[in-house]
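See structure below.
The values are calculated or read from the model by the stated rules, or taken from the named source; none is laboratory data. Since the model is a prediction, treat every value here as computed from it, not as a measurement. Heads up, the Cβs are rebuilt from the backbone with ideal geometry, glycines too, and the neighbour counts pull from every protein chain shown.
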Amino acid sequence: MKNEITCPRIVEIKNTKIEAKNIKTIFFNFPSKNIIPGQFLMIWIPGLDEIPMSVSYISDREIGFTFRKVGEATRALYDLKKRDKIGVRGPYGNGFTIKGEKILVVGGGTGIATLAPLIEKILSTKKRRVTVIFGVKTKDELFFTRRFRNIDLKISTDDGSIGFKGVASELAEKIINNEDFDQVITCGPEKMMKKIVDICNSRKIPVQASLERYIKCGIGLCGQCCIGEGLRVCKDGPVFEGDTLAKIPEFGYFKRDASGRKIKI
Amino acid sequence: MKNDEIDTSTRLSTLVLKNPFMLASGIMDEDAGSMIRIAKNGAAAIITKSIGTKQREGYANPTIVEVDCGIINSMGLPNPGIEAYGEEIKLVKKKTSIPIIGSIFGRDEKEFCLLAKKMETYGADAVELNLSCPHAKGYGLEIGSNPEKVGNIVASVKSSISIPLLVKLSPNVTDIVEIAKTAEKNGADIITAVNSVKAMKIDIETGLPVLSNKIGGYSGRAIKPIGVRCVYEISKEVDIPVVGVGGILTAEDAIEYFMAGASAVQIGSAVYYRGVEVFKKLNNELKEWMKRHGYRKLLDIIGLAQKNRRG
């Protein structure tokens with residue numbers, strides 16, 4: 001039987017939490033169990049829009065997604081309160097596959113929300129170790145730091161207001177040059193992920209990146225989110241291996257708008 | 001009899017297909033990369049996303065909803081516009097050897113002719129007129145349900161291109177046979193039947209239609225009997241080949257369409273139900289079925305229900 005809920009299921013918001021300025025988490029109960037970190041849900045804001053959201057909290061009691069207020073849909077989501085209703089379908093996509101014991105996780109901005117349940121999954125096995133790099137523009141944009149308090153967390157800020165001054169990919173390169181990792185996993189701005197994937201590919205370190213594209217159907221039919229040779233970000237992804245990404249010429253360079261026209265990243 | 005002794009090739013006008021399974025318009029065919037993947041998975045031909053004169057974003061999400069026995073979609077004809085689409089057609093032509101059929105939608109004869117000519121210039125092997133999209137104002141079904149408009153558009157497109165012309169029809173009309181005959185009379189080389197069926201899904205918790213456009217087109221298992229009926233009725237009355245589409249998930253589904261008179265079929269929603277590999281799977285299943293039933297050639301099945309009918 002399919003694990004997916006394929007027609008939007010109306011759920012009541014159990015709670016919301018402001019994580020940082022303009023960044024919020026919405027919590028709810030969802031009947032589909034066994035969500036893999038890296039998978040996403042299609043969130044229907046009734047009467048307005050439906051957008052993909054990767055799952056940022058996974059537990060038996062409730063799940064959650066975390067987002068930044070950027071457009072009309074996320075502004076509407078941001079204003080929702082406890083007991084308001086949203087439609088949810090999914091989980092969709094493949095999710096991350098953990099390989100080895102020593103893992104470097106690199107998150108840029110809200111990309112860390114996709115990685116947070118992965119980090120918790122990595123640490124659920126005793127012998128695994130994880131180093132997390134969290135890159136933001138400035139100190140005020142940090143969140144989840146309490147959630148990561150027992151984790152080897154390294155912060156980078158563009159303005160140097162806290163931690164390493166520079167972008168996350170620079171810090172990642174420094175760390176990779178000094179330490180060996182079995183795997184690197186990244187989610188964040190595509191330019192950052194492109195740099196990290198290139199660094200890992202040239203050193204033959206297994207690497208996975210979670211991509212973002214304009215998603216319409218979410219079930220691999222409409223072709224809107226296809227990259228490379230027909231790889232559907234919603235179905236074959238959103239997580240891709242470094243060797244696959246090496247063969248996708250547009251990775252890090254362009255995406256497609258709602259009409260299917262190419263636009264620069 | 002071995003599988004490789006069974007011939008499932010077919011012809012549509014001057015188009016030769018290695019098997020009868022084509023990709024339907026609108027499924028993984030907005031960019032060259034997707035179409036190349038579909039070709040590598042055994043599709044015999046590809047019908048592109050419907051392309052218009054101008055770039056179009058389509059409707060807001062939700063644009064698709066899964067319901068019992070199928071999927072309702074209302075994408076709203078998103079496409080990058082005919083000028084930008086040239087590079088996709090040229091690339092897919094360079095990388096594949098199967099017929100690439102350019103689907104087009106326009107408001108009137110002038111737009112359809114311009115689009116058809118562009119498709120031919122880009123290297124498309126045929127053109128399919130979308131006269132049946134059930135959910136776009138001023139396009140598709142709004143034109144395709146009017147026999148006079150269909151006749152004029154088909155005649156003018158036919159006179160402006162030299163590649164085969166397919167006309168895709170909607171089941172949402174009183175008499176699909178009349179429209180098909182009008183298309184044939186005005187120069188259509190092939191009829192495609194059917195487009196998705198007008199449908200709707202309401203969420204009872206919120207009391208709202210799920211799709212942003214409210215009404216969409218139903219595809220998948222539920223519409224197969226409708227498609228088979230349309231193909232049967234059309235095949236009886238026209239001499240040009242008919243392509244069946246609607247709810248084909250298995251070879252048995254396709255065989256119903258062949259027996260109704262379809263010379264080939266198009267696959268859409270089954271890419272969701274059975275994966276991108278569906279084309280290879282269907283052709284193997286078809287060969288197995290033919291072997292079990294003692295048929296060597298697909299041509300022996302096509303129109304069987306027409307031949308067997310009484311009165």
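Hey, any hits in segment B:184-199 for a residue that's touching a Pro at 6+ places or on another chain (Cβ under 8 Å), within 23 Å of B:Lys54 (Cα to Cα) and within 14 Å of chain A (Cβ to nearest Cβ)? So far as segment B:184-199 goes, no, none of its residues is touching a Pro at 6+ places or on another chain (Cβ under 8 Å), within 23 Å of B:Lys54 (Cα to Cα) and within 14 Å of chain A (Cβ to nearest Cβ).
Here's the yes/no breakdown for (1) basic (Lys, Arg); (2) at the interface with another protein chain (Cβ under 9 Å from one of its Cβ atoms); (3) in contact with a Phe, Trp or Tyr (Cβ under 7 Å, 6 or more places away or on another chain):
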residue: B:Lys2; (1), (2), (3): yes, no, no
residue: B:Leu12; (1), (2), (3): no, no, no
residue: B:Ala24; (1), (2), (3): no, no, no
residue: B:Asp29; (1), (2), (3): no, yes, no
residue: B:Ser34; (1), (2), (3): no, yes, no
residue: B:Ala45; (1), (2), (3): no, no, no
residue: B:Ser50; (1), (2), (3): no, no, yes
residue: B:Thr53; (1), (2), (3): no, no, no
residue: B:Glu57; (1), (2), (3): no, yes, no
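Applying the criterion of at least 3 residues that are at pLDDT below 95 to the strands (runs of 3 or more DSSP E) found wholly in segment A:12-130 leaves an empty list. Taking segment A:175-265 as the region of interest, the strands (runs of 3 or more DSSP E) fully inside it that hold 2 or more residues being in contact with a Leu (Cβ under 6 Å, 6 or more places away or on another chain) are A:183-187.
Select from segment B:67-80 the residues that are facing another protein chain (nearest Cβ under 7 Å) and either within 19 Å of A:Cys226 (Cα to Cα) or crowded, with 23+ Cβ neighbours inside 10 Å (or both) and list them in ascending order. B:Met75, B:Pro78, B:Asn79, B:Pro80 - these are the residues of segment B:67-80 that are facing another protein chain (nearest Cβ under 7 Å) and either within 19 Å of A:Cys226 (Cα to Cα) or crowded, with 23+ Cβ neighbours inside 10 Å (or both). Taken over segment A:202-227, the criterion of being away from chain B (no Cβ under 14 Å) and either buried (at least 24 other Cβ atoms within 10 Å of the Cβ) or of a type in the set (Val, Ile, Thr) (or both) is satisfied by A:Ile205, A:Val207, A:Gln208, A:Ala209, A:Ser210. If you go through segment A:186-201 one residue at a time, do you hit one that is over 24 Å from A:Leu41 (Cα atoms), within 14 Å of chain B (Cβ to nearest Cβ) and in contact with a helix residue (DSSP H, G or I) (Cβ under 7 Å, 6 or more places away or on another chain)? Within segment A:186-201 (the criterion being over 24 Å from A:Leu41 (Cα atoms), within 14 Å of chain B (Cβ to nearest Cβ) and in contact with a helix residue (DSSP H, G or I) (Cβ under 7 Å, 6 or more places away or on another chain)), the answer is no, since none of the residues qualifies. If you filter segment B:91-113 down to residues that are in contact with a strand residue (DSSP E or B) (Cβ under 9 Å, 6 or more places away or on another chain) and touching a residue at least 60 places away in the same chain (Cβ under 8 Å), you find that the one that is nearest to B:Ala180 (Cα to Cα) is B:Ser103. Would a scan of segment B:88-97 turn up a residue that is within 18 Å of A:Cys217 (Cβ to Cβ) and either within 14 Å of another protein chain (Cβ to nearest Cβ) or crowded, with 23+ Cβ neighbours inside 10 Å (or both)? No, segment B:88-97 contains no residue that is within 18 Å of A:Cys217 (Cβ to Cβ) and either within 14 Å of another protein chain (Cβ to nearest Cβ) or crowded, with 23+ Cβ neighbours inside 10 Å (or both).
Residues that are under 23 Å from the mean Cα position of the chain (by Cα) and touching a residue at least 60 places away in the same chain (Cβ under 8 Å) within segment B:184-213 comprise B:Asp189, B:Ile190, B:Thr192, B:Val194, B:Asn195, B:Ser196, B:Val197, B:Lys198, B:Ala199, B:Met200, B:Leu211, B:Asn213, listed in sequence order.
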